[in-house]
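Engineer: Once you've had a glance at the structure underneath, I'll fire off some questions.
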Amino acid sequence: MIQREETVMVWDRPWTITINQKSKSVWVAVGEYMGTRIEVKDSTPSTAAKRWKEAALYRDNIDTAPR
């Protein structure tokens, strides 16, 4: 299977993620963001990277939300 690294910008800061092809139409993006491991799946490497960024932004909003 195919594996590659990619840099994703979150709040103007670079984060390195690994994108693995699990099957013909399943790609998994994995990386650490602020001490938390994030893993997402999608149908292409670029959309998996996009989903990873969205998950990181969501995680960031949860951590900074007022309680």
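Throughout, read-outs are computed from the coordinates displayed, never taken from laboratory work. A quick note: this is a predicted structure, and the numbers were derived from the prediction, not measured. Cβ coordinates were reconstructed from backbone atoms using ideal geometry, including for glycine residues, and neighbour counts include every protein chain displayed.
Engineer: Each label point is 7 Å from the Cα along the Cα-to-Cβ direction; what then is the distance between the points at Lys24 and Leu57, in nm?
Structural biologist: 3.3
Engineer: For a protection proxy built on the mean count of beta-carbon atoms within 10 angstrom, sort 9-15, 52-58, 33-39 highest first, please.
Structural biologist: Ranked from most to least packed, the peptides come out as 52-58, 33-39, 9-15.
Engineer: Quick one: dipole size for the stretch 3-64, taken about the Cα centre, charges +1 on Lys/Arg Cβ and -1 on Asp/Glu Cβ, in debye to the nearest 20.
Structural biologist: Dipole size: approximately 300 debye.
Engineer: Moving on to the next point. Using the C-alpha gyration tensor of the stretch 3-64, what are the square roots of 5 times its eigenvalues, in whole angstrom, with the largest one first?
Structural biologist: 20, 11, 9
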